[in-house]
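*Asks:* One structure, as structure tokens, below. Some questions next.
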Amino acid sequence: MIAVLGEWLRERNGQPDDPLFPSGRRTHLSRDSIAHLVTKHTATAAARHPSLTTKNVTPHTLRHTCAMALLQAGVDITVIALWLGHETIETTQIYMHADMGTKETALNRTTPPNTSPGRYQPDTGTLAFLKNL
């Protein structure tokens with residue numbers, strides 16, 4: 001990946017401080033331009049993957065998905081905070097709360113003795129009781 005980005009910068013005669021993906025005027029892309037590109041390429045991708053037409057794909061969802069993938073891959077949350085440009089780790093803590101896989105793994109590690117690990121499955125009597133509440 002680093003080699004590809006380095007080649008991209010060389011191809012554009014880019015300097016280290018230049019935007020990685022510049023606008024037509026060689027300045028940083030605006031938020032609106034990025035949103036437009038995401039919308040445009042999502043529509044193109046939907047031709048091969050129709051399920052994308054029912055998804056709300058935005059720059060923020062891509063950013064969030066990237067952070068969740070890094071978290072699930074075991075990347076330290078402080079590294080994710082730096083990657084996302086968060087000023088404090090507290091901002092990044094939201095991803096810890098959102099990751100159900102991490103929560104389930106933690107719960108499985110704390111299964112009390114003499115019980116089966118896994119999700120609770122209520123019996124029909126319990127379900128009927130809850131429906132009548």
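*Asks:* Return P(r) of the stretch 74-133 (all Cα-Cα pairs; 10 Å bins starting at 0; whole %; ordered from short to long distances).
*Replies:* Final binned percentages: 18, 28, 26, 17, 11, 0.
*Asks:* Then there is this: Tell me the net charge near THR78. Cut-off is 14 Å between Cβ atoms, THR78 excluded, with +1 for each Lys or Arg and -1 for each Asp or Glu.
*Replies:* Values: positive: none; negative: ASP76, GLU87, GLU90.
Charge balance in the 14 Å sphere: -3.
*Asks:* For the chain, which whole-number percentage of the solvent-accessible area (1.4 Å probe, protein heavy atoms only) is attributable to carbon and sulfur atoms? Walk me through the intermediate numbers first.
*Replies:* Numbers: 6630 of 10980 Å².
Summing carbon and sulfur atoms, their accessible area is 60 percent of the total for the chain.
*Asks:* Something else: Note the full-extension length gain between LEU130 and THR115 as 0.36 nm times their separation in residues minus their Cα-Cα distance, in nm to one decimal.
*Replies:* My answer for the length gained is 3.0 nm.
*Asks:* While we're here: Mind pulling the angle between the C-alpha long axis of helix 100-109 and the longest principal axis of the chain? Nearest 10 degrees, somewhere in 0 to 90.
*Replies:* 40 degrees
*Asks:* Could you give the distance between the Cα centres of the stretch 1-64 and the stretch 75-133, to the whole Å?
*Replies:* If we compute the Cα centre of each part, the gap is 32 Å.
*Asks:* If you don't mind, there's one more thing I want to ask. So what are the three principal axis dimensions of the chain from its Cα atoms, in whole Å, longest to shortest?
*Replies:* Between the extreme Cα coordinates on each principal axis of the chain lie 68, 34, 25 Å.
*Asks:* Using the heavy atoms of the protein chains alone and a 1.4 angstrom probe, what is the accessible area of the chain per residue in square angstrom?
*Replies:* Working: 10980 Å² over 133 residues.
Accessible surface, normalised per residue, equals 83 Å².
*Asks:* Would you calculate the separation in nanometres between label points at VAL75 and THR39, each defined as 7 Å from the Cα along the Cα-to-beta-carbon direction?
*Replies:* Calculated label separation equals 2.8 nm.
The values are calculated or read from the model by the stated rules, or taken from the named source; none is laboratory data. As the structure is a computational prediction, the values presented were derived from the model and not from experiment. As a convention, Cβ positions derive from the backbone with ideal geometry for all residues, glycine included, and neighbour counts pool all protein chains shown. Accessible surface areas use protein heavy atoms only, side chains included; no ligands, DNA or RNA. Shrake-Rupley method; radii C 1.70, N 1.55, O 1.52, S 1.80 Å.
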